[in-house]
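Enquirer: Take this structure first; my questions come after.
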Amino acid sequence: MDVKSAFPNGFIEEELRKALYGLKQAPRAWYARLKSFLLKSGFVMGSVDKTLFLLSRGGDTLIVQIYVDDIIFGGSSHALVSSFAEQMSREFEMSLMGELQFFLGVQIKQGPEGTFVHQAKYTRDILKKFEMSDSKPMTTPMSTNTALDVDEDGEAVDQKEFRGMIGSLLYLTATRPDIQFAVCLCARYQASPRTSHRQAVKRIFRYLKFTPELGLWYSSGSSLSLRGFSDADHAGCRIDRKSTSGTCQLLGTSLVSWSSRKQASVSLSTTKRVHSCR
C-alpha cells in the first residue's frame, strides 16, 4: 500500500507541522506517527530492523515493512491481512496497490508453489547504464586465480564511474549472493581504482549479461529448520594478509541471509581461521 500525503496525515503536532515536504525532518516525523499507531495497535517493532513490525494474533502472524510512505505487508491469515488494510485506511489516506510484484527495484513473482524474488529489470538497466549490454557474456563473475591488489603502477580510471558501478552492483546483491564475494573484493579499491580493478568489475557485468534472470526461490513447502554455513580463505588479501569469511543461512531450502567480509585480524594459522569464523 501507498500512503497519500503521508507527512501531513493524522494528528499533526506542532513539531510535525514544521516538518512538511522538502524538509529533512519530514520522513522522521511521519515514521514516528506511524510507529506510534502500530505499537498502540499491538504490533512489536523489530529489534534489528526498526522499520519492521510484527503482530501475533492467535496462531497467526502479520508482518509489516515500511519504507518512508510505502508499506508492504503479508500474513498467515487472509482475515488478518484484510483487517490490517481496513484499519490503515480508516486511520490514514491509503492507496492499496494489490499483490506485491515490484518494490524498490526488486521483482516478486508469487505462486502456489512458492515465491521467486529477482532483479532482472534492474540488472538490464545497469548493463545499459554502464554500456555493457552488448558485452561478451561470461559464465562466472570472477576467475579462480584472480588476485587484486592496489596496483600502484596501473593506469588510474574515473573514480566516480567506478564507485557508481560498485554501488549499483552492491544493490544487486540483495537477490544475487552469487556475486557477493566478487563485488565486495572490488569494492576495496574505490579510493584509487586502476584499470585492473575496472576490468574485474566489468567481468562481473559480463557475468550478469549471461545470468540476468537469476534470483532467489522460496518454496512454500520448505521446512522451517534453520541451518548456517561458514568458511574462509587463509590470508587471501595480498595487501594486509587478512582472510575473507563467507557465511550463509538457510530456512529449510530457502536462502535468507549471506555475507562476504574481510576479517578484522590476521589469521596466523588455519586453526585460528576456522575458529574466527564461528
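Enquirer: Restrict the check to region 200-212 and report whether at least one residue is part of a strand (DSSP E or B) and either open to solvent by 30 Å² or more (accessible area, probe 1.4 Å) or modelled with pLDDT of 95 or more (or both).
Expert: Taking region 200-212 and keeping what is part of a strand (DSSP E or B), we get none.
Within region 200-212, none of the residues are part of a strand (DSSP E or B) and either open to solvent by 30 Å² or more (accessible area, probe 1.4 Å) or modelled with pLDDT of 95 or more (or both).
Enquirer: I would also like to ask the following. Condition (residue is farther than 18 Å from His118 by Cα, within 15 Å of the chain's Cα centre (by Cα) and either loosely packed, with under 14 Cβ neighbours inside 10 Å or touching a residue at least 12 places away in the same chain (Cβ under 8 Å) (or both)) applied to region 171-185: is it met by at least one residue?
Expert: Scanning region 171-185, I find at least one residue that is farther than 18 Å from His118 by Cα, within 15 Å of the chain's Cα centre (by Cα) and either loosely packed, with under 14 Cβ neighbours inside 10 Å or touching a residue at least 12 places away in the same chain (Cβ under 8 Å) (or both), so the answer is yes.
Enquirer: While we're looking at this one, here's another question. Would you check which residues across region 170-199 are touching a Gly at 6+ places or on another chain (Cβ under 6 Å) and part of a loop (DSSP other than H, G, I, E, B) and list them?
Expert: Thr175
Enquirer: State all residues of region 97-150 that are modelled with pLDDT of 95 or more and touching an Asp or Glu at 6+ places or on another chain (Cβ under 7 Å); if no residue qualifies, say none.
Expert: His118, Ala120, Pro141
Enquirer: Here is a further query. For region 96-114, name all the residues that are in a loop (DSSP other than H, G, I, E, B), touching a Lys or Arg at 6+ places or on another chain (Cβ under 9 Å) and open to solvent by 100 Å² or more (accessible area, probe 1.4 Å). First the steps, then the outcome.
Expert: Quick first cut of region 96-114, residues in a loop (DSSP other than H, G, I, E, B) only: 96-101, 104-105, 112-113.
This time we only want the ones that are touching a Lys or Arg at 6+ places or on another chain (Cβ under 9 Å), so: 101, 105.
Of everything in region 96-114, just one residue is in a loop (DSSP other than H, G, I, E, B), touching a Lys or Arg at 6+ places or on another chain (Cβ under 9 Å) and open to solvent by 100 Å² or more (accessible area, probe 1.4 Å), namely Gln101.
Enquirer: Could you tell me which numbered condition Val117 fails, if it satisfies all but one of (1) more than 17 Å from the chain's Cα centre (by Cα); (2) not acidic (Asp, Glu); (3) not in a helix (DSSP H, G or I)?
Expert: Of (1) more than 17 Å from the chain's Cα centre (by Cα); (2) not acidic (Asp, Glu); (3) not in a helix (DSSP H, G or I), only one is false for Val117: (1).
Enquirer: In region 114-149, what count of residues is obtained for those that are closer than 15 Å to Cys186 by Cβ and in contact with a Phe, Trp or Tyr (Cβ under 7 Å, 6 or more places away or on another chain)?
Expert: Residues in region 114-149 being closer than 15 Å to Cys186 by Cβ and in contact with a Phe, Trp or Tyr (Cβ under 7 Å, 6 or more places away or on another chain): 6 in total.
Enquirer: Return the residue satisfying two criteria in turn: it lies in region 121-169 and is assigned to a helix (DSSP H, G or I) and touching a residue at least 40 places away in the same chain (Cβ under 8 Å), and of such residues it is nearest to Ala235 (Cα to Cα).
Expert: Among them, the one singled out is Leu169.
Enquirer: Let me ask something else about it. Taking region 119-138 on its own, how many of its residues are more than 18 Å from Thr175 (Cα to Cα) and either open to solvent by 40 Å² or more (accessible area, probe 1.4 Å) or not aromatic (Phe, Trp, Tyr) (or both)?
Expert: 10
Enquirer: Can you pull out every residue in region 233-264 that is open to solvent by 60 Å² or more (accessible area, probe 1.4 Å) and at pLDDT below 90?
Expert: Passing the criteria: His234, Arg238, Ile239, Arg241, Ala264.
Enquirer: Any idea how many residues of region 63-83 are open to solvent by 50 Å² or more (accessible area, probe 1.4 Å), under 14 Å from Phe43 (Cβ atoms) and touching a helix residue (DSSP H, G or I) at 6+ places or on another chain (Cβ under 9 Å)?
Expert: Residues flagged as open to solvent by 50 Å² or more (accessible area, probe 1.4 Å), under 14 Å from Phe43 (Cβ atoms) and touching a helix residue (DSSP H, G or I) at 6+ places or on another chain (Cβ under 9 Å) within region 63-83 amount to 1.
Enquirer: Looking at region 231-258, I want the residues that are without any contact (Cβ under 8 Å) to a residue 24 or more places away in the chain and have a partner that is β-branched (Val, Ile, Thr) and surrounded by fewer than 14 Cβ atoms within 10 Å (Cβ to Cβ) with Cβ atoms under 9 Å, at least 6 apart or on another chain. Which pairs are those?
Expert: That search, which allows pairs on different chains as well, returns Gln249/Val256.
The values are calculated or read from the model by the stated rules, or taken from the named source; none is laboratory data. Remember, predicted model here, so these are calculated numbers, not experimental data. So basically every Cβ, Gly included, is an ideal-geometry build from the backbone, and we count neighbours across all protein chains shown. Surface areas here come from the heavy atoms of the whole protein model, side chains and all, with no ligands, DNA or RNA. Shrake-Rupley method; radii C 1.70, N 1.55, O 1.52, S 1.80 Å.
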